[in-house]
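First up is the structure itself, then whatever we jot down about it.
The values are calculated or read from the model by the stated rules, or taken from the named source; none is laboratory data. Just so we're clear, the structure is a prediction, and the values are computed from it rather than from any experiment. For neighbour counting, all protein chains shown are included, and Cβ atoms are generated from backbone atoms with ideal geometry for every residue, glycine included. Heads up: the accessible areas ignore ligands, DNA and RNA and are worked out on the full protein's heavy atoms, side chains in. Shrake-Rupley method; radii C 1.70, N 1.55, O 1.52, S 1.80 Å.
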Amino acid sequence: MDYIYFAKTKPVEQTISEHTQEVLKHYEEFKEKNPSLLDDCLWVILRLAVVYHDLGKANAKFQNKLYAKLGKKPFLIDYSKQEEIPHGYLSCAFININEVIEKYGLEACNVLCKAIYYHHDRKNIEPAVIKEYILKYLKSDIEHFEYPMLKDFKVLNYQFLKLVGIKDLQGGSSLYKKYVMVKGFLNRMDYAASAGMEKMEENTEDSEGFSVADRVNMEYPSLREVQQYMKDNADKNVIVTATTGIGKTEAALLWIGSGKGFYTLPLKVSVNAIFDRVENKLGYKKACLLHSDALSYYINEEKESIDNEQVALKHTRAKQLSAPLIFCTVDQIFKFVFRHNGCEHVLATLSYSKVVVDEIQMYSPEMVAILLAGIKTISEFGGRVAIITATFPPVLYHLMDKHRISYELPKKVYHNPLTPKRHKIRFIKEREFDYDLIIEKGRSKKVLVLVNTVIQAQKVYEKLKNEGKGLYVKLLHSRFIKKHRKALENAVLDFAPNSPKKDCRPGIWISTQIVEASLDIDFDVLFTEMCTIDSLLQRMGRVFRNRIFEGEEPNVYIYDTKNGVGRKNVIDPDLYDFSVSVVEVYDGKILMETDEQDDKQVMINLVYDLKNNEKLKNTEYYKIVKEKLKTLLELYPFEMEKEKVDKAFRNIDSITVIPLPIYNALKQNGTIERWSEALEQSKNFIERQKVLTDIMDYTVSLSYWHDHRHRIRQRDLIYKDSGICLWDCDYYFSEAALEGVGIVHTSKKDEAQEPDNIF
């Protein structure tokens, strides 16, 4: 008989030798394109890692498992009564340790053994168990194994067990960096081969030979000052603060240039918007999306003419990090700061990439610490990071300097010379809005009302609907099912687009912080609850975005409601108080935004600069960023498991739910039954994903900000392991009129100050 040792059975059957040859093709191509990325010794070690990495699959338990899947009779006898040993552990037994040490040194051999041993994240097995299997069973397992790449591969040993400990990876050692690069690229090449990809790394030029920077230059032949600055400093870490409408996005793309780039934003809707702008307006078709709903976005955008193969390919290119420009949320690439096993392929990729962090002020203090730790690590590995934002807290410079995080000190704040004054503010020491004034303005202007919590948004909406008879009033927050939220987002973009093509219809929109940096909208008047100064300035950015304000009456009304303020609530009380004291000074004034007079930057500096505000050190914000950053930089490799990293990354324990009224309606009209049948019958990945996308359109993502679990009736609705729960709540929305409050919080626990879930 033919003795076939398989490496995999899906998507096609492949022997260990065949799979390894595919991985080697990616190795040769990647090395040819990036010869200086590793030194000569590490390139050799990486190749050896490729050659050896799957040899451990030549064991009875693994082969018998694959033969059973194929419906074939196994040819290997499984004498061992032990549990299966991960193949990466056994692969190291084939390495001629003495020969590798003699040729390349002990450190290189150490890197080789660790890269192979840990190339998959598997449960720990006691070294004694691994040794026993090698000595008793592995020799007979490989009796029929032909592996032409190594003549003496049957010389088995267990010496590698002395080299696979992780203590010598600690303390930011040079060994850790070498290990990350070898293991990371081994994983990338292995994943690319397993996915059947033609290339592990795509060219940055599109089908017409243009990079994304070329596309920007074609669209904007005359560069603005901020764009020229970022283009000139493309080899450095930069921090750029610039006002709205000045071309920050294009500046960031010029900074990425013709290299590999990752563009991050805090909100998926923002990521989607910039991706669409680059792909369709600039015409750079090699850009890809990477976030938890990316595949659903592709399907929804191309529903009528969807090309299953192209969508699957685009999704794969993003997940495999092979696309030259990837627009993503930070959770997709910054988890490496926890140094868990399995993060190395991301960090190795970032070592030759440019990363843009847009709107850093939108993140929680925990997330800011993660980003700063990530920036330091990326820089140390050779990559570059650009922070672009409308408001940058100066205290972060202090923390970056303290931890030696390199950056080019910005020369100035970049302003739009066409809009030196956009906002005149009125600060009002009242706990309630002046609803009569809002209604009066709403009858002739486009009015935006922003509040700090969902419950408050619903209350304001109900009051304005009841008292503003005949007035156009709409509500947007995150407690609508995805289908309804998307419809509302489209409606607000149509109502107040950031472009000259506006209709003249007046009216009022009420929302939460989800619009602070996510939607490209432009209203005439803003009524807002007081919040921290950085968020307040972001809210102002939704009004008079690209227009000069020349009116006498204010176009920004700020109410000191104290809604959502508290140690365990939405807003840090100290930062709130600092911000109030600053805003009071500018009450009744027009805020100037010029090089000579930048009132908004002064406001930021008075709150967030330690030189102006020493009390900032006593705030929870400062303490959390400082301590979290210190902890992350001192974290040992493998100290956290991936599952814990996923949970800790955003510190959000979220749950996906279908509101009970929605579920009942879907069940009654037969939709749930049709979904279940379609999922059972569908074997095509994209066709199945279309159904899953339809299902998710009727869900809401909620956090355990409060204990809602007592209201969950059933888990894993519609299909096995869906993670979707039935949510016992009221839900009100009219699709025809785009009216309603969404999920209604009815329990006393829900009456607390719950933040909107911007993620």
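Scoring 429-441, 286-298, 411-423 by mean Cβ neighbours within 10 Å over their residues and listing the highest first yields 286-298, 411-423, 429-441.
Close amide H partners of Asn233, meaning residues 5 or more places away or on another chain with modelled amide H under 5 Å apart, do not exist here. The long axis of helix 174-194 is offset from the longest Cα principal axis of the chain by roughly 90 degrees. Computed as a quarter of the hull surface, the mean projected area of the alpha carbon convex hull for the stretch 259-303 stands at 3.3 nm².
Rounded to the nearest 10 Å², what accessible area does Phe638 show when all protein chains are kept and the probe is 1.4 Å? Near enough 50 Å² of accessible area. Amide H to amide H, with H built 1.01 Å from N, Val238 comes under 5 Å of Val385, Ala386, Ile387, Glu408, counting only residues 5 or more places away or on other chains. Phi angles across the stretch 367-382 convert, under the Karplus curve 6.51 cos²θ - 1.76 cosθ + 1.60 with θ = phi - 60°, into 3J(HN,Hα) values of 6, 4, 4, 4, 5, 5, 4, x, 4, 4, 5, 4, 4, 5, 8, x Hz, Gly and Pro given as x. Packing, taken as the mean count of other beta carbons within 10 Å per residue, orders the peptides 624-634, 234-244 from highest to lowest as 234-244, 624-634.
What angle, in degrees between 0 and 90 and rounded to the nearest 10, separates the Cα long axis of helix 599-608 from the longest principal axis of the Cα atoms of the chain? Long axis of 599-608 versus the principal axis of the chain: about 60 degrees. For the stretch 1-115, which whole-number percentage of the solvent-accessible area (1.4 Å probe, protein heavy atoms only) is attributable to carbon and sulfur atoms? Result for the stretch 1-115: 50 percent of the exposed heavy-atom area is carbon or sulfur. Only sites in a loop by DSSP and with at most 15 other Cβ atoms within 10 Å count here; which GluC sites (Glu not before Pro) in the stretch 94-193 make the cut? Here the sparse-neighbourhood loop sites are Glu143, Glu146. Each residue of the stretch 59-68 was assigned a 3J(HN,Hα) from its phi angle through the Karplus curve 6.51 cos²θ - 1.76 cosθ + 1.60 (θ = phi - 60°); the sequence is 10, 4, 4, 5, 5, 5, 5, 5, 4, 5 Hz, with glycine and proline shown as x. Checking the Cα-Cα distances for Lys31/Lys123; Lys281/Lys683; Lys123/Lys177; Lys10/Lys183 against a 29 Å cut-off, the pairs over it are Lys31/Lys123; Lys281/Lys683.
In summary, the lysines within cross-link reach of Lys628, defined as a Cα separation below 20 angstrom excluding same-chain residues under 8 places away, comprise Lys335, Lys376, Lys402, Lys568, Lys615, Lys617, Lys642, Lys644, Lys647. Between helix 620-633 and the chain there is an angle of about 10 degrees, using the helix long axis and the longest principal axis of the Cα atoms. If a/c stays under 1.5 just call it rounded; otherwise compare a/b with b/c (prolate if a/b is bigger, oblate if not). Do that for the stretch 1-120, with a ≥ b ≥ c from the square roots of the Cα gyration tensor eigenvalues. Oblate. Across the stretch 344-358, coupling constants 3J(HN,Hα) worked out from phi with the 6.51/-1.76/1.60 Karplus curve, θ = phi - 60°, read 5, 5, 6, 5, 4, 5, 5, 5, 10, 10, 10, 10, 9, 10, 9 Hz, and Gly and Pro carry x.
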